[in-house]
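Colleague: Pasting a structure here, questions to come.
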Amino acid sequence: MQNQAAVTAISAKRLTLALAAAGIIGGAVGAIAVNHNNAVAVNAAAAQANYVAVPAAAAAPPAAPGSAVAMALPDFTQIVARMGPAVVNIRVTGSTKTAMSGPGRGQRGQQPDEDDPFSEFFRRFQGPQNPRAQPRDTPVFGAGSGFIVSPDGVILTNAHVVRDAKEVTVKLQDRREYRARVLGSDPKTDVAVLKIDAKNLPVVPIGKSSELKVGEWVLAIGSPFGLDSTVTAGVVSAKGRSLPDDSAVPFIQTDVAVNPGNSGGPLFNTRGEVVGINSQIYSQTGGYQGLSFAIPIDVAYRIKEQLVATGTVKHAKLGVTVQEVNQGFADSFKLESPEGALVSNVERGGAADKAGIRSGDVIRKLDGKPIVASGDLPAMLSIATPGDQVKLDVWRDGKIVQIGARLGDASEKAEPAGREAVAGADSHARLGLSLRPLEPMERRQSGIGAGLVIEDASGAAANAGVQPGDVLLSINGRAVTSVEQVRAAVGSSTKSVALLIQRGSDKIFIPVRIG
């Protein structure tokens, strides 16, 4: 008995998804947690080598002066008829290690996550665990969608659809079925490429996601809950959306209805061109709630080319850790608006380090494109390749500095962190900190070159999250090694200060409001 994992969506904290009722009995996948690996994709429209322009709806009569303008709805029928045959249903068979509850008791699914609200249900259903139970392979079944991009059988889908797959079957709209090979997958962008042995297949035309506009109509075709060739439509809600997972994809957000089984399906514009791969939803129930996310086809196709050519993907990296710029940081660094990516740590020997980027810099643009939220930076880098030269607009010491950097390879290991002090200090009177210099032995043990140990935190600093034992490295991007420097830095600030502190092995900026 096959069970489709009902897929969850995305939220700053983990949300757990709904679960197919048959999952426990048949040994299939149970509740799926909120990560990228089991996201829900959208229904999308299918394909053919030559795209079909959708005829405009009958023109509305001219509006009288001062009256509202009537907007005609798009007609998707030709897109569905022409592109539908290139959208495929994907079935996956795999296995997972589970434990037997004892002779004759049947198979048991994987133990649920403790954060899963279904955890108690699983525990009660399965009964007490047998400590001598031996793990065994239990069949796992999954399903998703995909679309044909080459007449000889190359198919694009989501990486999470075929993760850990032992057997992949592709079913066409005309009911023909083929065994598929996985040419490669990239979990970082959630893109996978399949190949079936067939010829003269219908294909989808590829558009440009960069040309999409917010408010534009889009269409999806897929297999939600196993219902092949299901069509849904909506509008583009936002572009370049960064999500709180380990992905670096600038997602297209839509309100197209997406449900379990739609993963990997195409998202079409009104010209019948694929502009995205439906990948994730936001849901507290496991079902569609008005927020669905697609991987831009510009990103997916770059990944596809690498996977077809080599079976692997190389990702670029700048070598920085960044934080969001809130109003407190904007006041501290004298920025007109709370925008950009605040650099809290620079990887030693990385591209940013070689280019001269420092902790406390605020990256405002990459190759002329504005960075509004900190997540925009990794999203922009996701379409770059190692070795690319980029130009960064960096806010430093109250002015913009342009810095060029050659991007590194994300697969290369970083050099061991040598904790130079790009430090921050504080004036105890207004911030509520008790400070002292680092002892020589503390410097040797911690690897921190210079800074001030925070022995006590109260008042504004404590309210902001500063803790005793933190090491203050800098204020407003300027290193401090003495209490006098801290007093001077705080004295020249009017609203707030940005403290760079070392806490364990991490460096983080903390804004403290003093005005």
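Colleague: Expected output is a single nm value to one decimal: the length gained when fully extending between Lys239 and Thr285, i.e. 0.36 nm times separation in residues minus the C-alpha distance. What is it?
Modeller: Length gained, Lys239 through Thr285: 14.1 nm.
Colleague: 5 Å is the cut-off here: which amide hydrogens, built 1.01 Å from N in the peptide plane, fall below it relative to Gly184, excluding neighbours closer than 5 in sequence?
Modeller: Val193
Colleague: Give the lysines whose C-alpha is closer than 16 Å to that of Lys213, dropping any in the same chain fewer than 8 places away, or say none.
Modeller: Qualifying lysines at Cα under 16 Å: Lys239.
Colleague: What list of ³J(HN,Hα) couplings, whole Hz, do you get for the stretch 314-327 from phi and the Karplus terms 6.51, -1.76, 1.60, once you set θ to phi - 60° and write x for glycine and proline?
Modeller: Values per residue, Gly and Pro as x: 9, 10, 8, 9, 8, x, 9, 9, 10, 10, 6, 8, 9, 5 Hz.
Colleague: Let me ask something else. Among rounded, prolate and oblate, which fits the stretch 229-355 when a ≥ b ≥ c are the square roots of the eigenvalues of its C-alpha gyration tensor, a/c under 1.5 means rounded, and a/b larger than b/c means prolate?
Modeller: Note, shape of the stretch 229-355 comes out oblate.
Colleague: Quick one: of Lys171/Lys317; Lys188/Lys369; Lys334/Lys507; Lys199/Lys317, which pairs are farther than 27 Å apart, Cα to Cα?
Modeller: Lys171/Lys317; Lys199/Lys317
Colleague: So, one more: Give me the one-decimal nm value for the distance between modelled label points at Lys213 and Ser150, 7 Å along each residue's Cα-to-Cβ direction.
Modeller: 3.5
Colleague: With N denoting the number of residues in the stretch 210-304, provide Rg(C-alpha) divided by 2.2 N^0.38 Å, to two decimal places.
Modeller: For the stretch 210-304, the normalised Cα radius of gyration is 0.98.
Colleague: Determine ³J(HN,Hα), in whole Hz, for all residues of the stretch 350-356 in sequence, where each value follows from phi through the Karplus function 6.51 cos²θ - 1.76 cosθ + 1.60 and θ = phi - 60°; x replaces Gly and Pro.
Modeller: x, 4, 5, 4, 5, 7, x
Colleague: Between Lys369 and Thr312, what's the calculated FRET efficiency when r is the beta-carbon distance and R0 is 35 Å? Round to 0.05.
Modeller: Rounded to the nearest 0.05, the efficiency is 0.80.
Colleague: Once phi is turned into ³J(HN,Hα) by the Karplus curve 6.51 cos²θ - 1.76 cosθ + 1.60 with θ = phi - 60°, what whole-Hz value does each residue of the stretch 88-95 show in order, with x for glycine and proline?
Modeller: Result, rounded to whole Hz: 10, 9, 10, 10, 10, 10, x, 8.
Read the figures in this text as sums done on the coordinates, not as results from a lab. Small disclaimer: the values here were computed from a predicted structure and weren't measured. Backbone-built Cβ (ideal geometry, glycine too); neighbour counts: all protein chains shown.
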